[in-house]
Amino acid sequence: MTENPLGYEKISKLLKDFAIPSIMASLVGSIYNIVDQIFIGQGVGYLGNAATNVAYPFSTICLAIALLVGIGSASRVSLCLGRKEPKAAAKAAGNGIVLMGIFGIIYLLVGEAFLSLLLKAFGATTDVFPYAKQYASITLIGMPFLIVTNGMSNLIRADGKPKYSMVCMVMGAIINTILDPIFIFACDWGIAGAAWATVIGQIFSFILALRYLWRFQTIHFEKESFLLDIKESMKICSMGISSSSNQIAVTVIQIIQYNSLTYYGALTKYGTDIPLAACGIVMKTNAIILAIVVGISQGTQPIIGFNYGARQYHRVREAYLLAVKWNLVVSTIAFIAFQFFPQSIISLFGDGDELYFEFAVLFMRTYLFMVLVNGVQLLSSSFFTAIGKSLKGALLALTRQTFVLIPLTLLLPLRFGIMGVLLAGPVADFSAFMLSVVLVGIELKKQKNDYLKDYKNNHNELAALKSKFIPCPHCGEKVDVTEQRRNLLLKYEEGVIKKGKEVAAQIEAAEEENKKIEEQDIKFRDTKKLELDSKLDEIKARREKIKSDLDFEVMQYEEAVKCIKSSINKIEEEKRNIETANKIAENIEANNAGVDKKIKDAEEGIKNSENRIAQLKLAIDAGKQYNSIKVKKQAEQIGEYLDKVTIQFE
């Protein structure tokens, strides 16, 4: 794996290489928001500016999600790379990319579903609402692409390629800036044209960022890297919570400010729309300075994270202090511009009446009075996130926005009216600056102690090698022991070199022997391979023959089975015929037995008839002799009976 320059390159060079591209990317993003505002102001009017201001919380919430996952995963990657844990770094990056996509889609669906309700909550007035709804409904389509692009840009910087990260952001801004006048003026799409130009620019940036997945140098992805792990996701979110919470707090304060300005503005000569439009212009102007500070912060994040993981605390301290110096230079220039040239800046965003410029100038001078120290809080929050202490980072992020600014924005107007909304900003900035100085001072002191402790441990090891003078037992003079050790070492080295040459010769001989053995082994393996191949061919031939014989035997067996089955069928048929014949024979035998019985009965009847006939004949003869008429009649009747019996018998 390529050695990361974050661990050895000069801090000033690293900060220049990493921070300047980040500043350019953030600055271009802020500038194209301002260009949007300028074109909308010129093409639609100050109601269009007010509409984009009301819809702006959607962008800040989107950025909060991107920071939650992007900063969190990039911080995890930097720490893991500093600890020489490349697999853990790849897992953190892969899970971060998956979370970006999931959160982006969920955000789009929720935003579109509750669009009207959210715009009213953001402070949209009756006149501003139609413009805001038209603008926000289109820009929400690009939010998933924006989340992935911003998140990936942090991972790309952690991989050591801040310039590519800058190109991703700058290309989208350039495309948006080119399309804005075309869609707004040439196509006459008004505020919808500005929204579509923004979405198209975000899609181009998304494509460029996604292409870097195959170009990571210090991170090597595997399929398992993109399997969502709950524990890893929680670690990522915990490390990005400070930056994200700061952005969420910005969103909340925007909503509270917009509603406070419209409410208290209605009680003054400025009305509801002028404070709302002026606030958006001042905030987006300040966003240029914040973009530079955020760029410096993002540039220092991988430097601080990597060196903290590698326990190079002196480099961590140097990077943070150098970033603060850069921030002070930028903040000083901004302070001069905001305090001495406010009307010139505001007039860039379009024309307005006297009241509009009066309030806008007042707002800029008052609200941005502490811009000199405002960036220290952002740098300090990012510093704690980079070293893995996300709770302190979140505390600093929430101090200005949640713990100070929101309560002051709600309470001060009760006493000072709309001026109280303006005064809440500088008071919150100074409070956050003081807390940042205290917490960072404690942390740097702790790191300094740890660094000194490590240095002492190393120093003790080196001290044993320093020269020590002891008295000579013969002359009493102090002798440099290290000189004696050096001589012994030289002799020892000579012996080692001599022994090394002998060992080298033995190694060469052993290598030659190994080469011979390898050659013999190769020949043996080739011979064995030929033998095995021939045996394998024989086995294949035998297997084919056995297979053909088995096929023939199986065929014969199947034919025999068919014959046996047909024979069995014939036998069963014969059996059925025999059973039928037996039944017929039994019936015949039964009939024959009845006939035999009848014959016997007939024979007995014949015998009886013959005896009777004989008796009757005797009686007839006797009757004839007596010539009796009565007897004669009886004899005739008996004769007729005998004739009938004879006929029946026959």
Exercise. From the list G41, G45, which one is surrounded by fewer than 24 Cβ atoms within 10 Å (Cβ to Cβ), modelled with pLDDT under 75 and on the phi > 0 side of the Ramachandran plot?
Worked result: G45
Exercise. Within region 173-190, restricting attention to residues that are without any contact (Cβ under 8 Å) to a residue 60 or more places away in the chain and part of a loop (DSSP other than H, G, I, E, B), which residue is nearest to the chain's Cα centre (by Cα)?
Worked result: W189
Exercise. Got at least one residue in region 133-149 being more than 29 Å from the chain's Cα centre (by Cα) and open to solvent by 70 Å² or more (accessible area, probe 1.4 Å)?
Worked result: yes
Problem set entry | Matching option when the condition is among the aromatic types (F, W, Y), closer than 30 Å to G45 by Cβ and at pLDDT below 85, among F114, F145, F129, F122 | F122
Exercise. When you scan region 291-404 for helices (runs of 4 or more DSSP H) that lie fully inside it, which ones turn up with 3 or more residues that are touching a Ser or Thr at 6+ places or on another chain (Cβ under 8 Å), open to solvent by less than 50 Å² (accessible area, probe 1.4 Å) and hydroxyl-bearing (S, T, Y)?
Worked result: 371-386
Exercise. Out of curiosity, is T285 under 23 Å from Y367 (Cβ atoms) and at pLDDT 90 or above?
Worked result: no
Problem set entry | Meets criteria (exposed (fewer than 14 other Cβ atoms within 10 Å of the Cβ) and in contact (Cβ under 8 Å) with a residue 24 or more places away in the chain) for I97 | no
Problem set entry | Yes/no for T285 being of a type in the set (S, T, Y) and within 31 Å of the chain's Cα centre (by Cα) | no
Problem set entry | Criterion violated by S22 - all others in (1) modelled with pLDDT of 80 or more; (2) over 20 Å from K133 (Cα atoms) satisfied | (1)
Exercise. How many residues are farther than 15 Å from Y56 by Cβ and crowded, with 22+ Cβ neighbours inside 10 Å if we restrict to region 104-132?
Worked result: 1
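Residue by residue, here is whether (1) open to solvent by less than 40 Å² (accessible area, probe 1.4 Å); (2) of a type in the set (S, T, Y) holds:
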{"position": "C168", "(1), (2)": "yes, no"}
{"position": "L179", "(1), (2)": "yes, no"}
{"position": "W189", "(1), (2)": "no, no"}
{"position": "H220", "(1), (2)": "no, no"}
{"position": "K231", "(1), (2)": "no, no"}
{"position": "M234", "(1), (2)": "no, no"}
{"position": "Y258", "(1), (2)": "yes, yes"}
{"position": "G271", "(1), (2)": "yes, no"}
{"position": "P275", "(1), (2)": "yes, no"}
Exercise. Out of R76, R83, which single residue is more than 30 Å from I182 (Cβ to Cβ), crowded, with 24+ Cβ neighbours inside 10 Å and among the basic types (K, R)?
Worked result: R76
Seminar exercise, completed: The number of residues in region 207-237 that are β-branched (V, I, T) and touching a helix residue (DSSP H, G or I) at 6+ places or on another chain (Cβ under 7 Å) is 3
Exercise. Does region 191-212 include one or more residues that are over 30 Å from F122 (Cα atoms), in contact (Cβ under 8 Å) with a residue 60 or more places away in the chain and open to solvent by 40 Å² or more (accessible area, probe 1.4 Å)?
Worked result: yes
Exercise. Mind checking whether some residue in region 451-471 is at pLDDT 60 or above, touching a Ser or Thr at 6+ places or on another chain (Cβ under 7 Å), more than 30 Å from G70 (Cβ to Cβ) and in a helix (DSSP H, G or I)?
Worked result: no
For this session: Output the number of residues of region 376-396 satisfying the condition of being farther than 16 Å from V316 by Cα and out of contact with any Phe, Trp or Tyr (no Cβ under 9 Å at 6 or more places or on another chain).
Result: 1
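The values are calculated or read from the model by the stated rules, or taken from the named source; none is laboratory data. What you see is a predicted model, and the numbers here were worked out from it, not measured in a lab. Quick reminder, even Gly has a Cβ in these numbers, built from the backbone with ideal geometry, and neighbours come from all protein chains shown. The protein model used for the area step is the full one, side chains on, heavy atoms only, and it has no ligands, DNA or RNA in it. Shrake-Rupley method; radii C 1.70, N 1.55, O 1.52, S 1.80 Å.
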